[in-house]
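The values are calculated or read from the model by the stated rules, or taken from the named source; none is laboratory data. Since the structure is predicted, the reported quantities are computational estimates derived from the model, not experimental observations. As a convention, Cβ positions derive from the backbone with ideal geometry for all residues, glycine included, and neighbour counts pool all protein chains shown.
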Amino acid sequence: MSASRYLPAAQSVAQAIPGILAQLGLIPFISRYVLTETEQGHAWLFAVLEVGPQNHPEDYAAAEVLHYLSTALNGLPVVISESYGLRYAVLLSSTN
Amino acid sequence: MNTIRRRIAALLIFLFLALSLFACESTTAPMTGYFDTPQSGYAAAQATLDYGQSQMNDLAHQATAVGLMMDQAANAAQQATLDYSQRQMMELAYQATMVSLNMAQAAATQQAITEQTQMVEFGISTAQSQAATATYSTYVFNVTQTAQAQAILDVHAAHTAQANATKVAYSLTATPHAAIQAEIVRARNEADRRALWGEFVVTPLTLILFTVAAILLIVGGVLAYQRLMPALELRLRTISRHNDSDLYLLDEVIVDPAPPHRQLTPSGPRQADHPHFPGNEIPPVEIVGPSEPSVVNWIAEAEQKLRSTGRIQP
């Protein structure tokens with residue numbers, strides 16, 4: 001299945017994330033957005049962050065931030081991916 | 001017979017004159033009241049007249065001297081000398097009056113004696129003539145003295161007024177004429193210099209400064225509008241912030257440089273009010289396959305974390 005059907009939702013989320021981070025007082029150091037869909041039908045939008053050590057990366061990974069992002073995105077699941085960089089992973093598809 | 005009478009009359013006159021001289025030597029004051037003999041009283045009156053005449057002359061001389069002194073004092077604007085001279089003049093006038101009275105009294109005495117005795121018509125006529133002459137001269141002298149005193153007083157008053165006017169004028173100006181002229185010239189030069197300075201320097205400079213200030217104000221306003229418009233737009237979109245730190249415009253995004261990681265107490269997101277990128281630009285989204293090496297790890301890690309939270313089934 002093509003992930004392009006999630007593209008409008010992905011663009012909407014990608015457009016909203018910088019503002020949400022700004023609400024929290026975080027600088028949205030987002031370099032790019034990546035949309036993909038797994039074989040199980042999970043559509044993920046990754047917001048790749050480029051946060052330097054001087055910008056307190058731990059603030060971006062705080063549970064309060066993730067919860068705030070999820071709530072602001074109409075309850076979409078948001079997790080942090082910290083291996084080989086820092087990125088937010090937003091699950092656009094249904095979890096069922 | 002006539003010769004004898006004439007001799008007798010001459011003898012009587014001689015005797016009268018001798019007695020008058022004797023009386024004059026015995027007393028120089030005017031004789032008043034009762035006389036022992038008419039000859040002695042007449043001689044005393046004559047002596048009084050002579051003495052009064054000499055005194056009048058003396059007083060006239062003194063008055064002239066005092067008048068000169070008053071003129072000098074008036075010219076020198078010496079008030080004290082003027083006052084002293086005026087007092088002296090008044091005293092002299094008083095003495096002259098007293099002498100005139102004495103002389104008039106003496107003349108009256110002579111006339112009374114002449115009327116009493118009726119002895120010598122010639123002597124009587126002489127005495128009357130002398131008395132009239134003395135009275136007239138006294139009157140003329142008094143009139144002259146009064147006019148002179150009045151003139152002196154007028155001169156004194158004029159000099160006093162002039163001195164006062166000069167004093168007032170000097171106190172008002174208090175500077176010499178040359179100094180006043182120099183001050184006027186200096187003030188005029190100063191005014192001219194200020195006028196030139198204001199016309200050729202201050203006014204153009206003020207105009208230039210106002211123009212530059214207006215241009216800077218306009219440019220500053222435009223720059224501030226360009227710089228702050230995104231923030232204003234963000235404000236208008238009711239973005240609530242929990243700290244008062246300044247905002248940065250980074251990559252066309254309004255950000256807060258102070259991370260509120262220690263005060264992450266959001267008041268609750270507005271689900272239906274998603275913030276957007278400034279300018280409503282849709283960020284590019286890359287679509288990649290799940291088999292991409294970099295994405296594979298991302299997906300695995302994300303699903304693992306999502307499973308740990310129980311949001312998806314393993």
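What the table shows:
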| read-out | value |
| --- | --- |
| Test: residue in the stretch A:30-41 that is in contact (Cβ under 8 Å) with a residue 12 or more places away in the chain, in contact with a helix residue (DSSP H, G or I) (Cβ under 8 Å, 6 or more places away or on another chain) and farther than 23 Å from B:Ile282 by Cα | no |
| Subset of the stretch B:279-302 that is more than 7 Å from chain A (Cβ to nearest Cβ) and farther than 16 Å from A:Gln11 by Cβ - its residue that is modelled with the lowest pLDDT | B:Ser294 |
| Those residues of the stretch B:195-209 which are of a type in the set (Gly, Ala, Ser) and modelled with pLDDT of 90 or more, in sequence order | B:Ala195 |
| Failed condition for A:Gly85, given (1) over 12 Å from the mean Cα position of the chain (by Cα); (2) at the interface with another protein chain (Cβ under 7 Å from one of its Cβ atoms) | (2) |
| Where a residue in the stretch B:139-160 is over 13 Å from B:Ser85 (Cβ atoms) and its partner, wherever it lies, is at pLDDT below 80 and of a type in the set (Asp, Glu), with Cβ under 6 Å and at least six apart | none |
| Residue within the stretch B:221-239 that is exposed (fewer than 10 other Cβ atoms within 10 Å of the Cβ) and at pLDDT below 70 present | yes |
| Subset of the stretch B:30-56 that is at pLDDT below 70 and β-branched (Val, Ile, Thr) - its residue that is nearest to B:Leu101 (Cα to Cα) | B:Thr32 |
| Helices (runs of 4 or more DSSP H) enclosed by chain A - at least 1 residues per element that are farther than 19 Å from B:Glu303 by Cα and aliphatic (A, V, I, L, M) | A:7-23, A:63-72 |
| Odd one out for A:Pro57, checked against (1) more than 7 Å from every other protein chain (Cβ to nearest Cβ); (2) touching a helix residue (DSSP H, G or I) at 6+ places or on another chain (Cβ under 6 Å); (3) at pLDDT below 90 | (2) |
| Qualifying position, being closer than 17 Å to B:Tyr51 by Cα, at pLDDT 70 or above, touching a Ser or Thr at 6+ places or on another chain (Cβ under 6 Å) and of a type in the set (A, V, I, L, M, F, W, C), among B:Ala96, B:Ala107, B:Ala127 | B:Ala107 |
| Residue match in the stretch A:74-82 (condition: facing chain B (nearest Cβ under 9 Å) and within 16 Å of B:Ile287 (Cβ to Cβ)) | no |
